[in-house]
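Since the structure comes first, as structure tokens, the remarks are kept for the end.
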Amino acid sequence: MITSAEERALASAFPVFRNLSESLRRELRDGARHVSVPASATLFQDGAPCQAYPLLLRGSVRVSKASAAGREMVLYRIAPGQLCLLTTSCLLGQACYPARGMAETACDLLLLEPACFHRLLSAHDDFRRLVFSLFSARVTELMQRVEEVAFAPLDRRLAALLLRSGSELTLSHQMLADELGSVRVVVSRLLREFEERGWVKLGRQRICILQPSALRALAKQDSPPV
């Protein structure tokens, strides 16, 4: 059961919940529970059944897929007010998770029991529209991610990632490799090439952008014809 304060936090992160009928509001209070988790906590595992529907109130969650060899690729992130594509898919299809969800920062969540999720989905039009619109947006985002990994050269994707991350990054080469769906040794080689060209300066888990215009030109460069 959730408290009135937690219900207000939910309505702040997900405005759609402000318009629930009193009966649905009671059901939400009875069918949800508040959970706080520290950074690096695992929220769901690859192959595990889906036991609750998470509504993120605070923090950031990273969803990633790991290979048998230990390589990992970030699929997407969840921020407050956003829904998890894989959890939605698992509950609708009664399937197990195909990837892992981990708290990147300390997180506050409300966990809906599956029965409560399905009742809200069938009885509340605004909630149903929210779920399916965000589901569609996530699928589009994931397809763009697949296209980048499959077809865009790694140096271009690395340049774009560096530009998105600010002028000074406190990320390890392994973290960058996970973001790009690559391996650390390849990312390290490309970063050393960027440093030799004077585009970046490398330190211990630190990368300073020296020539953003050069990185921007590389990131926008067209692929050569096949």
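Structure above, values below:
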{"quantity": "Estimated [θ] at 222 nm from DSSP helical runs (n ≥ 4, -39500 (n - 2.57)) normalised by residues in the chain, nearest 500", "calculated": "-14500 deg cm²/dmol"}
{"quantity": "At R0 = 22 Å, FRET efficiency that the Cβ-Cβ distance of Ala217 and Ser165 yields, to 0.05", "calculated": "0.80"}
{"quantity": "Per residue convex hull volume, Cα atoms of the range 91-216, in Å³", "calculated": "151"}
{"quantity": "Spread of Cα-to-Cα distances over 5 Å intervals beginning at zero, given as percent, for the chain", "calculated": "1, 6, 12, 16, 16, 13, 11, 9, 7, 5, 3, 1, 0"}
{"quantity": "Translational diffusion of the range 101-166, µm² s⁻¹ [Kirkwood Rh, Cα pairs; Stokes-Einstein; 20 °C; 1.002 mPa s]", "calculated": "140"}
{"quantity": "Rg in Å to one decimal, and Dmax rounded to a whole Å, for the range 1-100 via C-alpha atoms", "calculated": "15.0, 51"}
{"quantity": "Dipole moment magnitude, nearest 20 debye, the range 10-156 about Cα centre, only Lys, Arg, Asp, Glu C-beta charged", "calculated": "140"}
{"quantity": "Orientation-averaged projected area, Cα convex hull of the range 161-206 (nm²)", "calculated": "2.9"}
{"quantity": "Using a Förster distance of 30 Å, the FRET efficiency for Cys96-Arg29 (Cβ separation, nearest 0.05)", "calculated": "0.55"}
{"quantity": "Of all accessible heavy-atom area on the range 116-170, the percent that carbon and sulfur account for (1.4 Å)", "calculated": "56"}
{"quantity": "Nonlocal amide H pairs with Gly81, under 5 Å, H built at 1.01 Å", "calculated": "Leu56"}
{"quantity": "The range 7-61 - Rg (one decimal) and Dmax (whole number), Cα, Å", "calculated": "13.2, 37"}
{"quantity": "Values of log10 I(q)/I(0), in the order q = 0.23, 0.24 Å⁻¹, for the range 150-226 under a Debye, Cα-only, solvent-free model", "calculated": "-1.09, -1.19"}
{"quantity": "FRET efficiency, Ser21 to Val186 (Cβ-Cβ, R0 45 Å, nearest 0.05)", "calculated": "0.25"}
{"quantity": "Distance cut-off 18 Å, percentage of C-alpha pairs in the range 42-145 lying past it", "calculated": "48"}
{"quantity": "Angle in degrees between helix 184-196 and the longest Cα principal axis of the chain, rounded to the nearest 10", "calculated": "50"}
{"quantity": "Relative packing of 45-57, 69-81, which averages over residues the other C-beta atoms within 10 Å, highest first", "calculated": "45-57, 69-81"}
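The values are calculated or read from the model by the stated rules, or taken from the named source; none is laboratory data. Computed from a predicted model, the values in this text were never measured in an experiment. When we count neighbours, we look across all protein chains shown, and the Cβ atoms used for this are built from the backbone with ideal geometry, even at glycine. Note: areas computed on protein heavy atoms with side chains; ligands, DNA, RNA excluded. Shrake-Rupley method; radii C 1.70, N 1.55, O 1.52, S 1.80 Å.
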